[in-house]
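The values are calculated or read from the model by the stated rules, or taken from the named source; none is laboratory data. Treat the numbers as computed from the prediction; the structure is a model and nothing was measured. Every residue, glycine as well, gets a Cβ built from its backbone with ideal geometry; the counts of neighbours run over all protein chains shown.
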Amino acid sequence: MISGQDLRTLLGRRIQFYRKQRQLSQATLAEKADISITFISQIERGIKYPTSETLSGITNALGVEVCELFQEDKTPAEHRNILERFKNDVLGTVEEVYKVYKESGSSS
């Protein structure tokens with residue numbers, strides 16, 4: 001079983017990959033994503049995990065879809081499986097948050 005730390009590390013590496021591919025500094029990405037440079041650094045190093053809102057800001061700043069952070073053509077099958085599970089976990093969390101939000105709005 002994969003640990004949460006391993007998942008954070010994989011996501012951080014993908015964010016760093018796209019950032020460098022686009023020749024963005026951490027400062028520029030942080031500004032575009034409306035978060036601190038420290039937080040970008042912590043995400044890339046696998047220390048912190050972004051919320052779905054923060055992840056959305058990062059992907060918008062990088063010009064990629066969220067799913068692209070979980071796709072890596074040249075990774076071993078095991079890594080692709082890990083990324084797929086992580087992607088499903090994130091999507092499940094987003095769906096749960098949306099459901100709670102929708103339910104709270106409909107009770108007003």
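Looking only at the stretch 35-63, which residues are hydrophobic (A, V, I, L, M, F, W, C) and within 21 Å of E95 (Cβ to Cβ)?
Taking the stretch 35-63 as the starting set, the residues that turn out to be hydrophobic (A, V, I, L, M, F, W, C) are 35, 37, 39-40, 43, 47, 55, 58, 61-62.
The answer is L55, I58.
Rundown of residues vs (1) closer than 14 Å to L83 by Cβ; (2) touching a residue at least 40 places away in the same chain (Cβ under 8 Å); (3) among the small types (G, A, S), yes/no style:
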site	(1), (2), (3)
Q16	no, no, no
R19	no, yes, no
A27	no, no, yes
A30	no, no, yes
A33	no, no, yes
T38	no, no, no
E44	no, no, no
P50	no, no, no
E53	no, no, no
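Kindly establish whether E103 is surrounded by fewer than 12 Cβ atoms within 10 Å (Cβ to Cβ), acidic (D, E), part of a helix (DSSP H, G or I) and modelled with pLDDT of 75 or more.
yes
Looking at Q26, Q42, Q21, can you tell me which residue is out of contact with any helix residue (DSSP H, G or I) (no Cβ under 6 Å at 6 or more places or on another chain) and modelled with pLDDT of 95 or more?
Q42
Here's a check for you: in the stretch 24-38, which residue that is over 16 Å from the mean Cα position of the chain (by Cα) and surrounded by 13 or more Cβ atoms within 10 Å (Cβ to Cβ) is nearest to E65 (Cα to Cα)?
Residue satisfying both the conditions and the ranking: L24.
In the set L62, L69, L91, which member is at pLDDT below 80, hydrophobic (A, V, I, L, M, F, W, C) and surrounded by 12 or more Cβ atoms within 10 Å (Cβ to Cβ)?
Matching residue, one of L62, L69, L91: L91.
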